[in-house]
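Student: Dumping the structure here so I can ask a few things about it.
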Amino acid sequence: MKESVAELKRLLAQSAIVADSQGSHPMLAYLALLIKWNPRINLTATTEWTGIGPLFEEAIRASAFYPEHRVSHLDIGSGNGFPAIPLRILRPRMRLDMVESRNKRCVFLETVANTLELGEVRVHNMRLKQFLESCARDRVWDIISWKAIKLETTELQTLRAHAKEQTEFWMFHGRELAVEDPAAFEKDFRLKKSICLERSREWTLSMYCPG
């Protein structure tokens, strides 16, 4: 744990996130919760810095491209909280909905939000289809993100109904696009920007808009 804490402090300093600031303190508290909870519910493969460090790095790097103004954000399959929690810490004006079907992980996410006192964060313990069916038809988000899951074409079609023209779809992915049918996806969405987050794993953030 000591090495991970020291390395996270170093990363925050390199990223111009000042020690004991509104960004630094919650990040360290989030790491402490990951280390505490991981033996119980297997949030990450390891909490050693070699494993968990890239998750913090990619979230911090992605935050540099996040809008400064107040935005509503939907994160799908939130799991252990990456990248949504670090993004919310670094962009405190965000209104965040996290959808996660696994109960234990939802308990963890709620604990993080409460411990870190992250306002306007809601955790929804249900599958995406069920969540979208429960939403009002006029409910829209400014940013919709997902990582480590592949969205089905029908799910993307439903999400488009909850998007504006300017809504950005943030896809965190490896070599392949994180969608069921890449060809169909690229017909309906246009690529706005693609950012390499980590070269060793070819991990990328691709930002799309409805097209």
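Quick note: the coordinates plus some simple rules give every number you see, no bench work behind them. Keep in mind the model is a prediction, meaning the values are calculated, not measured. Cβ atoms come from the backbone with ideal geometry, glycine included; neighbour counts cover every protein chain shown.
Student: I'm trying to understand the selection: among the residues of region 4-21, which are loosely packed, with under 12 Cβ neighbours inside 10 Å and in contact (Cβ under 8 Å) with a residue 24 or more places away in the chain?
Tutor: The answer is none; no residue qualifies.
Student: Would you check which residues across region 46-61 are among the hydrophobic types (A, V, I, L, M, F, W, C), touching a residue at least 40 places away in the same chain (Cβ under 8 Å) and crowded, with 22+ Cβ neighbours inside 10 Å and list them? If you could, list the steps in order and put the result at the bottom.
Tutor: Filtering region 46-61 down to residues among the hydrophobic types (A, V, I, L, M, F, W, C) leaves 49, 52, 55-56, 59-60.
Narrowing the set further to residues that are touching a residue at least 40 places away in the same chain (Cβ under 8 Å) leaves 49, 52, 56, 60.
Answer for region 46-61, where residues must be among the hydrophobic types (A, V, I, L, M, F, W, C), touching a residue at least 40 places away in the same chain (Cβ under 8 Å) and crowded, with 22+ Cβ neighbours inside 10 Å: I52, F56, I60.
Student: Ok, one more. Would you point out which residue out of E176, E165, E180 is over 22 Å from E58 (Cβ atoms), touching a helix residue (DSSP H, G or I) at 6+ places or on another chain (Cβ under 8 Å), charged (D, E, K, R) and surrounded by fewer than 16 Cβ atoms within 10 Å (Cβ to Cβ)?
Tutor: Values: E176 fails: over 22 Å from E58 (Cβ atoms); E165 fails: touching a helix residue (DSSP H, G or I) at 6+ places or on another chain (Cβ under 8 Å).
After ruling out the rest, the residue left standing is E180.
Student: Separate question: Out of all the residues in region 167-211, which are free of Cβ contacts under 8 Å to residues at least 60 places away in the same chain, in a strand (DSSP E or B) and among the aromatic types (F, W, Y)?
Tutor: Passing the criteria: F169, F189, Y208.
Student: Still on this model: Look at region 22-32 and say how many of its residues are in contact with a Pro (Cβ under 9 Å, 6 or more places away or on another chain) and either assigned to a loop (DSSP other than H, G, I, E, B) or surrounded by fewer than 18 Cβ atoms within 10 Å (Cβ to Cβ) (or both).
Tutor: Final tally of qualifying residues: 2.
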